[in-house]
1. I want to confirm something. Restricting to the stretch 261-276 and keeping residues that are crowded, with 20+ Cβ neighbours inside 10 Å and closer than 25 Å to residue 238 by Cβ, which single residue is nearest to ligand 2 (Cβ to nearest atom)?
2. When you scan the stretch 145-261 for strands (runs of 3 or more DSSP E) that lie fully inside it, which ones turn up with 2 or more residues that are of a type in the set (Phe, Trp, Tyr)?
3. Would you point out the residue of the stretch 342-363, among those that are open to solvent by 60 Å² or more (accessible area, probe 1.4 Å) and more than 13 Å from ligand 1 (Cβ to nearest atom), that is farthest from the chain's Cα centre (by Cα)?
4. Any idea which residue in the stretch 239-278 is farthest from residue 344 (Cα to Cα), counting only those that are among the polar types (S, T, N, Q) and within 16 Å of ligand 1 (Cβ to nearest atom)?
5. If you check 279, 283, which single one turns out to be closer than 18 Å to residue 173 by Cβ and open to solvent by 10 Å² or more (accessible area, probe 1.4 Å)?
6. Specify which of the listed residues (50, 84) is farther than 15 Å from residue 121 by Cα, in contact with a strand residue (DSSP E or B) (Cβ under 9 Å, 6 or more places away or on another chain) and among the polar types (S, T, N, Q).
7. May I ask you to say which residue of 258, 228, 172 is open to solvent by 60 Å² or more (accessible area, probe 1.4 Å), touching a residue at least 24 places away in the same chain (Cβ under 8 Å) and among the hydroxyl-bearing types (Ser, Thr, Tyr)?
8. Looking at the stretch 59-77 only, could you name the residues that are open to solvent by 40 Å² or more (accessible area, probe 1.4 Å) and not hydroxyl-bearing (Ser, Thr, Tyr)?
Amino acid sequence: MTGGTLAARPAPSHNETASRYFEHSSAPRVNTDAVIVEALRAEYPELHITVVPQYENDLFGYAAAGHASIAAIDKEKDRLTWKTFLPPASRLGGQRGALVDFVKLGKYLLDWQGKEYVVCIADGRDGTMAYPQQTNQYILSGSIEASNKLLFESGAWNSELHSEIWVFDSGYWQKSAELWESVQKSNWDDVILETSMKRAIIADVENFFDSQETYERLKVAWKRGIIYYGPPGNGKTISIKAMMNALYKRDKPVPTLYVKTLASFAGPEYSINQIFSLARRTAPCYLVFEDLDSIVDDRVRSYFLNAVDGIQKNDGILMVGSTNHLDRLDPGIAKRPSRFDRKYLFPNPNTEEREKYMKYWQHKLSDNHDLDFPDKICPAVAKITAGFSFAYLQEAVVASLLAIARDKDGFSESVCLECMETHAKPTSGRTCDSETKRPYKGLYDWVWAVRQADEEDPDLENYILWREIKKQVRILKE
Ligand SMILES: Nc1ncnc2c1ncn2[C@@H]1O[C@H](COP(=O)(O)OP(=O)(O)OP(=O)(O)O)[C@@H](O)[C@H]1O
Ligand SMILES: [Mg+2]
(Lines give C-alpha, C1' and ligand atoms only; values in the text may rest on other atoms or scores of the structure.)
(Ligands and ions follow the chains in the order given, each with its own letter.)
Protein backbone atom coordinates (compact mmCIF):
# COMPACT_ATOMS: atom_id res chain seq x y z
CA MET A 1 0.00 0.00 0.00
CA THR A 2 1.37 3.45 -0.81
CA GLY A 3 0.87 5.39 2.48
CA GLY A 4 -2.78 6.34 2.74
CA THR A 5 -3.51 7.27 -0.87
CA LEU A 6 -6.87 5.55 -0.81
CA ALA A 7 -7.88 7.07 2.52
CA ALA A 8 -6.98 10.56 1.29
CA ARG A 9 -9.15 10.15 -1.82
CA PRO A 10 -12.28 12.33 -1.51
CA ALA A 11 -15.54 10.36 -1.22
CA PRO A 12 -17.43 10.54 -4.54
CA SER A 13 -20.56 12.64 -4.37
CA HIS A 14 -22.55 9.78 -5.86
CA ASN A 15 -22.17 6.23 -4.50
CA GLU A 16 -23.00 4.14 -7.57
CA THR A 17 -22.49 0.85 -5.72
CA ALA A 18 -24.94 1.71 -2.97
CA SER A 19 -27.64 2.98 -5.29
CA ARG A 20 -27.39 -0.08 -7.55
CA TYR A 21 -27.49 -2.32 -4.51
CA PHE A 22 -30.60 -0.66 -3.04
CA GLU A 23 -32.31 -0.59 -6.39
CA HIS A 24 -31.66 -4.32 -6.75
CA SER A 25 -32.86 -5.04 -3.20
CA SER A 26 -36.11 -3.16 -3.58
CA ALA A 27 -37.27 -4.96 -6.70
CA PRO A 28 -40.95 -5.87 -6.41
CA ARG A 29 -40.20 -9.45 -7.45
CA VAL A 30 -36.94 -11.22 -7.97
CA ASN A 31 -36.97 -13.78 -10.74
CA THR A 32 -33.57 -14.65 -12.16
CA ASP A 33 -34.99 -16.93 -14.86
CA ALA A 34 -37.01 -14.10 -16.39
CA VAL A 35 -33.96 -11.84 -16.54
CA ILE A 36 -31.59 -14.43 -18.00
CA VAL A 37 -34.02 -15.87 -20.56
CA GLU A 38 -34.86 -12.39 -21.86
CA ALA A 39 -31.17 -11.51 -22.16
CA LEU A 40 -30.27 -14.79 -23.91
CA ARG A 41 -33.14 -14.41 -26.37
CA ALA A 42 -31.82 -11.01 -27.33
CA GLU A 43 -28.27 -12.37 -27.63
CA TYR A 44 -29.14 -15.56 -29.57
CA PRO A 45 -32.43 -14.82 -31.39
CA GLU A 46 -31.93 -17.83 -33.71
CA LEU A 47 -31.60 -20.45 -30.94
CA HIS A 48 -34.11 -22.30 -28.73
CA ILE A 49 -33.82 -21.96 -24.97
CA THR A 50 -34.55 -24.66 -22.42
CA VAL A 51 -34.22 -24.06 -18.67
CA VAL A 52 -33.09 -26.96 -16.46
CA PRO A 53 -32.42 -26.91 -12.71
CA GLN A 54 -28.93 -28.23 -12.05
CA TYR A 55 -29.94 -30.37 -9.06
CA GLU A 56 -32.33 -32.34 -11.30
CA ASN A 57 -30.15 -32.81 -14.35
CA ASP A 58 -26.54 -31.82 -13.92
CA LEU A 59 -24.99 -31.34 -17.36
CA PHE A 60 -21.59 -30.56 -15.85
CA GLY A 61 -21.57 -33.84 -13.90
CA TYR A 62 -22.68 -35.67 -17.06
CA ALA A 63 -19.81 -34.10 -19.02
CA ALA A 64 -17.29 -34.73 -16.20
CA ALA A 65 -18.22 -38.43 -16.32
CA GLY A 66 -17.00 -38.45 -19.93
CA HIS A 67 -20.31 -38.30 -21.83
CA ALA A 68 -19.73 -34.84 -23.34
CA SER A 69 -17.05 -32.18 -23.48
CA ILE A 70 -17.60 -28.72 -22.08
CA ALA A 71 -15.47 -25.54 -22.14
CA ALA A 72 -15.99 -21.94 -21.01
CA ILE A 73 -16.60 -19.46 -23.83
CA ASP A 74 -17.09 -16.21 -21.92
CA LYS A 75 -14.48 -13.66 -20.92
CA GLU A 76 -13.35 -13.51 -17.34
CA LYS A 77 -14.91 -10.07 -16.86
CA ASP A 78 -18.32 -11.52 -17.77
CA ARG A 79 -18.21 -14.32 -15.21
CA LEU A 80 -19.26 -14.27 -11.60
CA THR A 81 -17.57 -16.81 -9.36
CA TRP A 82 -17.05 -17.39 -5.66
CA LYS A 83 -13.62 -18.47 -4.59
CA THR A 84 -14.03 -20.83 -1.65
CA PHE A 85 -11.53 -22.66 0.47
CA LEU A 86 -12.46 -26.31 0.67
CA PRO A 87 -10.87 -27.92 3.73
CA PRO A 88 -9.51 -31.44 3.25
CA ALA A 89 -11.89 -34.33 3.96
CA SER A 90 -9.17 -35.52 6.32
CA ARG A 91 -5.96 -33.93 7.51
CA LEU A 92 -4.30 -37.32 7.42
CA GLY A 93 -1.76 -37.76 4.67
CA GLY A 94 -0.81 -34.08 4.80
CA GLN A 95 -3.67 -32.85 2.58
CA ARG A 96 -4.30 -29.14 2.99
CA GLY A 97 -7.52 -28.54 1.09
CA ALA A 98 -7.95 -26.50 -2.07
CA LEU A 99 -9.29 -23.24 -3.47
CA VAL A 100 -12.38 -23.92 -5.52
CA ASP A 101 -14.34 -21.70 -7.92
CA PHE A 102 -18.11 -21.86 -7.58
CA VAL A 103 -19.56 -20.47 -10.78
CA LYS A 104 -22.49 -18.13 -10.12
CA LEU A 105 -22.75 -16.93 -13.72
CA GLY A 106 -20.90 -18.45 -16.67
CA LYS A 107 -21.26 -19.48 -20.31
CA TYR A 108 -20.02 -22.70 -21.91
CA LEU A 109 -19.94 -24.61 -25.15
CA LEU A 110 -21.04 -28.22 -24.74
CA ASP A 111 -20.23 -30.78 -27.39
CA TRP A 112 -22.38 -33.91 -27.34
CA GLN A 113 -22.61 -36.56 -30.08
CA GLY A 114 -21.32 -34.16 -32.72
CA LYS A 115 -23.78 -31.38 -31.83
CA GLU A 116 -22.97 -28.10 -30.11
CA TYR A 117 -24.97 -26.39 -27.39
CA VAL A 118 -24.44 -23.11 -25.56
CA VAL A 119 -24.99 -23.65 -21.86
CA CYS A 120 -25.36 -20.70 -19.55
CA ILE A 121 -25.36 -21.39 -15.81
CA ALA A 122 -26.71 -18.89 -13.30
CA ASP A 123 -27.36 -18.87 -9.60
CA GLY A 124 -30.57 -17.12 -8.76
CA ARG A 125 -33.94 -17.28 -7.16
CA ASP A 126 -37.59 -16.84 -7.84
CA GLY A 127 -39.54 -15.07 -5.12
CA THR A 128 -38.60 -14.34 -1.56
CA MET A 129 -35.91 -15.58 0.77
CA ALA A 130 -38.29 -18.32 1.90
CA TYR A 131 -37.34 -20.27 -1.23
CA PRO A 132 -33.87 -21.64 -1.55
CA GLN A 133 -31.38 -20.33 -3.99
CA GLN A 134 -31.39 -22.39 -7.17
CA THR A 135 -28.79 -22.93 -9.87
CA ASN A 136 -30.29 -23.27 -13.32
CA GLN A 137 -28.79 -24.21 -16.67
CA TYR A 138 -30.03 -22.43 -19.82
CA ILE A 139 -29.50 -24.67 -22.84
CA LEU A 140 -29.44 -23.08 -26.28
CA SER A 141 -29.47 -25.11 -29.47
CA GLY A 142 -30.53 -24.96 -33.11
CA SER A 143 -33.52 -27.22 -32.55
CA ILE A 144 -35.72 -28.10 -29.63
CA GLU A 145 -35.40 -31.81 -30.57
CA ALA A 146 -31.62 -31.64 -30.15
CA SER A 147 -32.03 -30.13 -26.66
CA ASN A 148 -34.64 -32.72 -25.71
CA LYS A 149 -32.41 -35.56 -26.84
CA LEU A 150 -29.48 -34.30 -24.79
CA LEU A 151 -31.65 -33.67 -21.73
CA PHE A 152 -33.29 -37.07 -21.94
CA GLU A 153 -29.94 -38.90 -22.00
CA SER A 154 -28.27 -36.75 -19.34
CA GLY A 155 -31.46 -36.89 -17.23
CA ALA A 156 -31.49 -40.70 -17.38
CA TRP A 157 -27.80 -40.77 -16.40
CA ASN A 158 -28.38 -38.30 -13.54
CA SER A 159 -31.33 -40.24 -12.17
CA GLU A 160 -29.21 -43.38 -11.85
CA LEU A 161 -26.78 -44.03 -9.06
CA HIS A 162 -23.05 -44.48 -9.71
CA SER A 163 -21.55 -46.16 -6.63
CA GLU A 164 -23.77 -43.92 -4.54
CA ILE A 165 -26.76 -44.20 -2.21
CA TRP A 166 -29.73 -41.85 -2.04
CA VAL A 167 -29.72 -39.94 1.26
CA PHE A 168 -32.56 -37.59 2.23
CA ASP A 169 -31.29 -34.50 4.04
CA SER A 170 -32.40 -30.83 4.23
CA GLY A 171 -35.43 -31.47 2.02
CA TYR A 172 -33.60 -33.13 -0.88
CA TRP A 173 -32.60 -36.57 -2.02
CA GLN A 174 -28.84 -36.39 -2.47
CA LYS A 175 -26.40 -38.99 -3.74
CA SER A 176 -23.83 -40.10 -1.19
CA ALA A 177 -20.68 -41.84 -2.39
CA GLU A 178 -19.37 -41.77 1.20
CA LEU A 179 -22.23 -43.89 2.55
CA TRP A 180 -21.84 -46.26 -0.39
CA GLU A 181 -18.19 -46.80 0.45
CA SER A 182 -18.85 -47.37 4.13
CA VAL A 183 -21.60 -49.88 3.26
CA GLN A 184 -19.17 -51.82 1.04
CA LYS A 185 -17.12 -52.51 4.19
CA SER A 186 -20.11 -53.58 6.28
CA ASN A 187 -20.54 -57.25 6.75
CA TRP A 188 -22.76 -59.58 8.79
CA ASP A 189 -19.63 -61.44 9.95
CA ASP A 190 -18.66 -58.36 11.97
CA VAL A 191 -22.00 -58.15 13.75
CA ILE A 192 -22.30 -60.19 16.92
CA LEU A 193 -25.87 -60.96 17.86
CA GLU A 194 -27.68 -63.82 19.51
CA THR A 195 -27.69 -66.48 16.76
CA SER A 196 -31.44 -66.94 16.34
CA MET A 197 -32.08 -63.19 16.39
CA LYS A 198 -29.43 -62.58 13.74
CA ARG A 199 -30.91 -65.31 11.57
CA ALA A 200 -34.43 -63.87 11.99
CA ILE A 201 -33.33 -60.32 11.21
CA ILE A 202 -31.66 -61.38 7.96
CA ALA A 203 -34.47 -63.75 6.96
CA ASP A 204 -37.12 -61.09 7.57
CA VAL A 205 -35.61 -58.80 4.99
CA GLU A 206 -34.40 -61.36 2.45
CA ASN A 207 -37.75 -63.22 2.57
CA PHE A 208 -39.66 -60.02 2.05
CA PHE A 209 -37.85 -59.29 -1.21
CA ASP A 210 -38.23 -62.94 -2.31
CA SER A 211 -41.97 -63.00 -1.69
CA GLN A 212 -43.67 -60.61 -4.07
CA GLU A 213 -45.70 -63.46 -5.60
CA THR A 214 -46.72 -64.86 -2.24
CA TYR A 215 -48.04 -61.50 -1.11
CA GLU A 216 -49.89 -61.13 -4.39
CA ARG A 217 -51.40 -64.60 -4.10
CA LEU A 218 -52.54 -63.85 -0.56
CA LYS A 219 -53.91 -60.54 -1.82
CA VAL A 220 -52.07 -58.52 0.80
CA ALA A 221 -50.05 -55.40 0.17
CA TRP A 222 -46.38 -56.22 -0.38
CA LYS A 223 -44.95 -53.87 2.26
CA ARG A 224 -43.53 -54.25 5.74
CA GLY A 225 -42.01 -52.18 8.52
CA ILE A 226 -39.38 -53.25 11.03
CA ILE A 227 -38.06 -51.48 14.12
CA TYR A 228 -34.65 -52.00 15.72
CA TYR A 229 -34.61 -50.58 19.22
CA GLY A 230 -32.44 -50.57 22.32
CA PRO A 231 -29.69 -48.70 24.16
CA PRO A 232 -26.98 -46.93 22.14
CA GLY A 233 -24.02 -48.77 20.69
CA ASN A 234 -25.34 -52.31 20.27
CA GLY A 235 -25.45 -52.84 16.55
CA LYS A 236 -28.61 -51.26 15.11
CA THR A 237 -26.75 -49.16 12.60
CA ILE A 238 -24.13 -51.76 11.70
CA SER A 239 -26.93 -54.29 11.15
CA ILE A 240 -28.72 -51.89 8.81
CA LYS A 241 -25.48 -51.31 6.89
CA ALA A 242 -24.67 -55.04 6.69
CA MET A 243 -28.22 -55.58 5.41
CA MET A 244 -27.79 -52.83 2.82
CA ASN A 245 -24.61 -54.47 1.59
CA ALA A 246 -26.26 -57.90 1.38
CA LEU A 247 -29.19 -56.40 -0.54
CA TYR A 248 -26.86 -54.81 -3.10
CA LYS A 249 -25.25 -58.24 -3.60
CA ARG A 250 -28.47 -60.04 -4.54
CA ASP A 251 -28.90 -61.26 -8.12
CA LYS A 252 -31.36 -58.44 -8.55
CA PRO A 253 -29.84 -55.79 -6.27
CA VAL A 254 -32.24 -53.98 -3.93
CA PRO A 255 -31.30 -50.33 -3.42
CA THR A 256 -31.51 -48.44 -0.12
CA LEU A 257 -33.03 -45.03 0.44
CA TYR A 258 -31.61 -43.53 3.62
CA VAL A 259 -33.53 -40.80 5.50
CA LYS A 260 -31.57 -38.60 7.90
CA THR A 261 -34.13 -35.94 8.76
CA LEU A 262 -37.45 -34.49 7.63
CA ALA A 263 -36.33 -30.93 8.35
CA SER A 264 -36.45 -28.88 5.16
CA PHE A 265 -37.00 -25.40 3.77
CA ALA A 266 -40.57 -26.35 2.89
CA GLY A 267 -41.57 -28.21 6.06
CA PRO A 268 -41.69 -31.89 7.03
CA GLU A 269 -44.86 -32.65 5.03
CA TYR A 270 -43.02 -31.71 1.84
CA SER A 271 -40.15 -34.00 2.90
CA ILE A 272 -42.54 -36.91 3.47
CA ASN A 273 -43.97 -36.43 -0.02
CA GLN A 274 -40.49 -36.34 -1.54
CA ILE A 275 -39.37 -39.40 0.41
CA PHE A 276 -42.32 -41.60 -0.48
CA SER A 277 -42.49 -40.50 -4.07
CA LEU A 278 -38.87 -41.62 -4.70
CA ALA A 279 -39.46 -44.80 -2.66
CA ARG A 280 -42.49 -45.69 -4.82
CA ARG A 281 -40.51 -45.01 -7.98
CA THR A 282 -37.53 -47.05 -6.77
CA ALA A 283 -39.46 -50.02 -5.27
CA PRO A 284 -38.55 -52.72 -4.51
CA CYS A 285 -36.35 -50.86 -2.06
CA TYR A 286 -35.15 -50.75 1.54
CA LEU A 287 -36.26 -47.46 3.14
CA VAL A 288 -34.22 -46.60 6.25
CA PHE A 289 -35.24 -44.12 8.95
CA GLU A 290 -32.39 -43.78 11.46
CA ASP A 291 -33.60 -42.44 14.85
CA LEU A 292 -37.23 -42.84 13.89
CA ASP A 293 -38.50 -41.14 17.07
CA SER A 294 -36.72 -37.91 16.23
CA ILE A 295 -37.79 -38.08 12.58
CA VAL A 296 -41.51 -38.58 13.20
CA ASP A 297 -42.72 -36.23 15.93
CA ASP A 298 -46.26 -35.27 16.98
CA ARG A 299 -46.53 -32.59 14.32
CA VAL A 300 -46.06 -34.86 11.33
CA ARG A 301 -47.33 -38.14 12.77
CA SER A 302 -50.67 -38.25 10.97
CA TYR A 303 -49.16 -37.05 7.70
CA PHE A 304 -46.47 -39.73 7.98
CA LEU A 305 -49.03 -42.45 8.73
CA ASN A 306 -51.06 -41.35 5.77
CA ALA A 307 -48.02 -41.73 3.53
CA VAL A 308 -47.28 -45.17 5.02
CA ASP A 309 -50.74 -46.61 4.48
CA GLY A 310 -52.97 -44.08 2.84
CA ILE A 311 -54.50 -44.59 -0.58
CA GLN A 312 -51.25 -44.59 -2.53
CA LYS A 313 -49.61 -47.96 -3.08
CA ASN A 314 -46.34 -48.68 -1.32
CA ASP A 315 -45.75 -52.09 -2.88
CA GLY A 316 -42.20 -53.35 -2.61
CA ILE A 317 -41.17 -50.90 0.13
CA LEU A 318 -39.58 -52.41 3.22
CA MET A 319 -39.15 -49.77 5.92
CA VAL A 320 -36.70 -50.11 8.77
CA GLY A 321 -36.54 -47.61 11.61
CA SER A 322 -34.05 -47.52 14.47
CA THR A 323 -34.64 -45.91 17.85
CA ASN A 324 -33.22 -45.77 21.36
CA HIS A 325 -36.68 -44.93 22.71
CA LEU A 326 -39.41 -47.32 21.64
CA ASP A 327 -41.60 -45.78 24.37
CA ARG A 328 -41.41 -42.37 22.68
CA LEU A 329 -42.74 -43.72 19.40
CA ASP A 330 -46.39 -43.13 18.77
CA PRO A 331 -48.47 -46.32 19.24
CA GLY A 332 -49.98 -45.59 15.82
CA ILE A 333 -46.54 -46.24 14.33
CA ALA A 334 -45.16 -48.92 16.61
CA LYS A 335 -48.24 -51.01 17.38
CA ARG A 336 -50.47 -51.11 14.30
CA PRO A 337 -50.04 -54.19 12.14
CA SER A 338 -48.73 -53.52 8.63
CA ARG A 339 -46.84 -50.42 9.70
CA PHE A 340 -43.77 -51.21 11.80
CA ASP A 341 -45.09 -54.52 13.10
CA ARG A 342 -41.79 -56.37 13.61
CA LYS A 343 -39.55 -55.24 16.44
CA TYR A 344 -36.13 -56.38 17.54
CA LEU A 345 -34.43 -55.38 20.77
CA PHE A 346 -30.66 -54.85 20.59
CA PRO A 347 -29.71 -55.12 24.26
CA ASN A 348 -26.35 -54.67 25.93
CA PRO A 349 -24.38 -57.87 25.33
CA ASN A 350 -24.41 -60.69 27.89
CA THR A 351 -21.23 -62.35 29.16
CA GLU A 352 -21.14 -64.85 26.32
CA GLU A 353 -21.54 -62.11 23.67
CA ARG A 354 -18.90 -59.94 25.31
CA GLU A 355 -16.51 -62.88 25.20
CA LYS A 356 -17.38 -63.46 21.54
CA TYR A 357 -16.69 -59.81 20.84
CA MET A 358 -13.26 -60.05 22.49
CA LYS A 359 -12.55 -63.15 20.39
CA TYR A 360 -13.56 -61.17 17.33
CA TRP A 361 -10.89 -58.61 18.23
CA GLN A 362 -8.36 -61.30 19.04
CA HIS A 363 -8.87 -62.69 15.55
CA LYS A 364 -8.80 -59.24 13.97
CA LEU A 365 -5.48 -58.45 15.65
CA SER A 366 -3.92 -61.86 15.08
CA ASP A 367 -1.43 -60.59 12.48
CA ASN A 368 -0.21 -57.77 14.70
CA HIS A 369 3.10 -59.03 16.07
CA ASP A 370 3.48 -56.15 18.50
CA LEU A 371 0.67 -57.67 20.42
CA ASP A 372 0.25 -60.66 22.62
CA PHE A 373 -3.46 -61.46 22.98
CA PRO A 374 -3.78 -64.72 24.94
CA ASP A 375 -7.10 -66.59 25.00
CA LYS A 376 -7.67 -66.01 28.67
CA ILE A 377 -8.14 -62.27 28.12
CA CYS A 378 -11.50 -62.88 26.42
CA PRO A 379 -13.44 -64.44 29.33
CA ALA A 380 -11.66 -62.18 31.83
CA VAL A 381 -12.70 -59.00 30.06
CA ALA A 382 -16.21 -60.36 29.53
CA LYS A 383 -16.46 -60.93 33.26
CA ILE A 384 -15.50 -57.42 34.35
CA THR A 385 -17.58 -55.53 31.77
CA ALA A 386 -21.18 -56.34 32.74
CA GLY A 387 -23.49 -53.55 31.57
CA PHE A 388 -21.12 -52.38 28.82
CA SER A 389 -22.47 -51.86 25.32
CA PHE A 390 -20.52 -53.21 22.34
CA ALA A 391 -19.46 -49.66 21.55
CA TYR A 392 -18.01 -49.27 25.08
CA LEU A 393 -16.18 -52.55 24.74
CA GLN A 394 -14.78 -51.36 21.46
CA GLU A 395 -13.52 -48.22 23.20
CA ALA A 396 -11.84 -50.38 25.82
CA VAL A 397 -9.99 -52.37 23.18
CA VAL A 398 -8.97 -49.27 21.26
CA ALA A 399 -7.79 -47.54 24.46
CA SER A 400 -5.68 -50.56 25.34
CA LEU A 401 -4.13 -50.66 21.89
CA LEU A 402 -3.25 -47.00 22.21
CA ALA A 403 -1.70 -47.66 25.61
CA ILE A 404 0.49 -50.35 24.08
CA ALA A 405 1.53 -48.07 21.23
CA ARG A 406 2.39 -45.39 23.79
CA ASP A 407 4.53 -47.82 25.77
CA LYS A 408 6.29 -48.88 22.61
CA ASP A 409 7.02 -45.29 21.72
CA GLY A 410 8.91 -44.83 24.97
CA PHE A 411 6.29 -43.41 27.33
CA SER A 412 6.90 -44.97 30.66
CA GLU A 413 3.81 -44.45 32.81
CA SER A 414 1.61 -47.52 33.02
CA VAL A 415 -0.05 -49.81 35.50
CA CYS A 416 2.36 -52.38 36.80
CA LEU A 417 0.72 -55.75 37.12
CA GLU A 418 3.03 -56.70 39.92
CA CYS A 419 1.97 -54.01 42.34
CA MET A 420 -1.22 -52.77 40.60
CA GLU A 421 -0.08 -49.15 40.77
CA THR A 422 0.88 -46.65 38.13
CA HIS A 423 4.59 -46.08 38.12
CA ALA A 424 7.50 -45.69 35.78
CA LYS A 425 8.21 -48.82 33.83
CA PRO A 426 11.67 -50.18 34.60
CA THR A 427 13.94 -50.30 31.59
CA SER A 428 15.04 -53.76 32.57
CA GLY A 429 13.52 -56.22 34.97
CA ARG A 430 10.82 -58.77 35.02
CA THR A 431 7.14 -58.00 35.01
CA CYS A 432 6.63 -54.59 33.52
CA ASP A 433 8.80 -55.12 30.45
CA SER A 434 7.37 -58.51 29.76
CA GLU A 435 3.83 -57.18 30.07
CA THR A 436 4.10 -54.31 27.61
CA LYS A 437 2.71 -56.36 24.76
CA ARG A 438 -0.35 -57.45 26.67
CA PRO A 439 -3.54 -55.55 25.89
CA TYR A 440 -5.14 -56.22 29.26
CA LYS A 441 -3.22 -53.46 31.02
CA GLY A 442 -4.94 -50.85 28.91
CA LEU A 443 -8.24 -52.67 29.15
CA TYR A 444 -7.96 -52.69 32.87
CA ASP A 445 -7.21 -48.95 32.99
CA TRP A 446 -10.11 -48.21 30.78
CA VAL A 447 -12.66 -50.39 32.51
CA TRP A 448 -11.70 -48.86 35.81
CA ALA A 449 -11.96 -45.32 34.45
CA VAL A 450 -15.45 -46.03 33.10
CA ARG A 451 -16.58 -47.51 36.38
CA GLN A 452 -15.29 -44.49 38.26
CA ALA A 453 -17.01 -42.10 35.89
CA ASP A 454 -20.35 -43.79 36.33
CA GLU A 455 -22.15 -41.47 38.70
CA GLU A 456 -24.80 -43.96 39.66
CA ASP A 457 -22.23 -46.44 40.85
CA PRO A 458 -21.98 -46.06 44.64
CA ASP A 459 -18.52 -46.12 46.17
CA LEU A 460 -19.03 -49.53 47.62
CA GLU A 461 -19.85 -51.06 44.26
CA ASN A 462 -16.84 -49.33 42.81
CA TYR A 463 -14.72 -50.82 45.52
CA ILE A 464 -16.05 -54.30 44.89
CA LEU A 465 -15.44 -53.92 41.20
CA TRP A 466 -11.98 -52.56 41.77
CA ARG A 467 -11.15 -55.68 43.72
CA GLU A 468 -12.78 -57.85 41.11
CA ILE A 469 -10.71 -56.24 38.38
CA LYS A 470 -7.55 -56.69 40.39
CA LYS A 471 -8.43 -60.32 40.92
CA GLN A 472 -9.08 -60.86 37.23
CA VAL A 473 -5.84 -59.23 36.24
CA ARG A 474 -4.00 -61.41 38.75
CA ILE A 475 -5.61 -64.48 37.23
CA LEU A 476 -4.35 -63.33 33.85
CA LYS A 477 -0.87 -63.05 35.20
CA GLU A 478 -0.79 -66.60 36.48
N1 LIG B 1 -23.61 -56.31 17.89
C2 LIG B 1 -22.41 -55.79 17.61
N3 LIG B 1 -21.42 -56.57 17.11
C4 LIG B 1 -20.21 -56.05 16.83
N5 LIG B 1 -19.89 -54.77 17.02
C6 LIG B 1 -20.81 -53.95 17.52
C7 LIG B 1 -22.12 -54.41 17.82
N8 LIG B 1 -22.84 -53.38 18.28
C9 LIG B 1 -22.03 -52.32 18.25
N10 LIG B 1 -20.81 -52.64 17.80
C11 LIG B 1 -19.67 -51.69 17.67
O12 LIG B 1 -20.11 -50.44 18.18
C13 LIG B 1 -20.17 -49.44 17.14
C14 LIG B 1 -21.49 -48.68 17.24
O15 LIG B 1 -22.56 -49.55 16.88
P16 LIG B 1 -23.89 -49.03 16.15
O17 LIG B 1 -23.61 -47.73 15.49
O18 LIG B 1 -24.42 -50.12 15.30
O19 LIG B 1 -24.81 -48.79 17.40
P20 LIG B 1 -26.36 -48.38 17.43
O21 LIG B 1 -27.09 -49.50 18.08
O22 LIG B 1 -26.80 -47.98 16.08
O23 LIG B 1 -26.29 -47.15 18.41
P24 LIG B 1 -27.20 -45.82 18.44
O25 LIG B 1 -28.48 -46.22 19.10
O26 LIG B 1 -26.41 -44.88 19.28
O27 LIG B 1 -27.39 -45.35 17.04
C28 LIG B 1 -20.04 -50.21 15.84
O29 LIG B 1 -19.31 -49.48 14.90
C30 LIG B 1 -19.30 -51.48 16.23
O31 LIG B 1 -17.93 -51.28 16.17
MG1 LIG C 1 -27.32 -46.07 15.22
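The values are calculated or read from the model by the stated rules, or taken from the named source; none is laboratory data. Computed from a predicted structure; not experimentally measured. When we count neighbours, we look across all protein chains shown, and the Cβ atoms used for this are built from the backbone with ideal geometry, even at glycine. Only protein heavy atoms, including side chains, enter the accessible area calculation; ligands, DNA and RNA are left aside. Shrake-Rupley method; radii C 1.70, N 1.55, O 1.52, S 1.80 Å.
1. For the stretch 261-276, the residue satisfying everything is 262.
2. On the way: elements: 165-169, 172-176, 223-229, 256-259.
Passing ranges, in order: 165-169, 172-176, 223-229.
3. If we take residues in the stretch 342-363 being open to solvent by 60 Å² or more (accessible area, probe 1.4 Å) and more than 13 Å from ligand 1 (Cβ to nearest atom), then 351 is farthest from the chain's Cα centre (by Cα).
4. The initial filter retains those residues of the stretch 239-278 that are among the polar types (S, T, N, Q), namely 239, 245, 256, 261, 264, 271, 273-274, 277.
Then drop every residue that is not within 16 Å of ligand 1 (Cβ to nearest atom), which leaves 239, 245, 256, 261.
On the way: 239: 11, 245: 20, 256: 20, 261: 22 Å.
Of everything passing the filter in the stretch 239-278, 261 is farthest from residue 344 (Cα to Cα).
5. Working: 279 fails: open to solvent by 10 Å² or more (accessible area, probe 1.4 Å).
Going through 279, 283 in turn, just one is closer than 18 Å to residue 173 by Cβ and open to solvent by 10 Å² or more (accessible area, probe 1.4 Å): 283.
6. Numbers: 50 fails: farther than 15 Å from residue 121 by Cα.
84 is the lone residue from the list that is farther than 15 Å from residue 121 by Cα, in contact with a strand residue (DSSP E or B) (Cβ under 9 Å, 6 or more places away or on another chain) and among the polar types (S, T, N, Q).
7. On the way: 258 fails: open to solvent by 60 Å² or more (accessible area, probe 1.4 Å); 228 fails: open to solvent by 60 Å² or more (accessible area, probe 1.4 Å).
The match here is 172.
8. Here is the first cut: in the stretch 59-77, the residues open to solvent by 40 Å² or more (accessible area, probe 1.4 Å) are 60, 64-67, 69-73, 75-77.
Once the filter is applied, which keeps residues that are open to solvent by 40 Å² or more (accessible area, probe 1.4 Å) and not hydroxyl-bearing (Ser, Thr, Tyr), the stretch 59-77 yields 60, 64, 65, 66, 67, 70, 71, 72, 73, 75, 76, 77.
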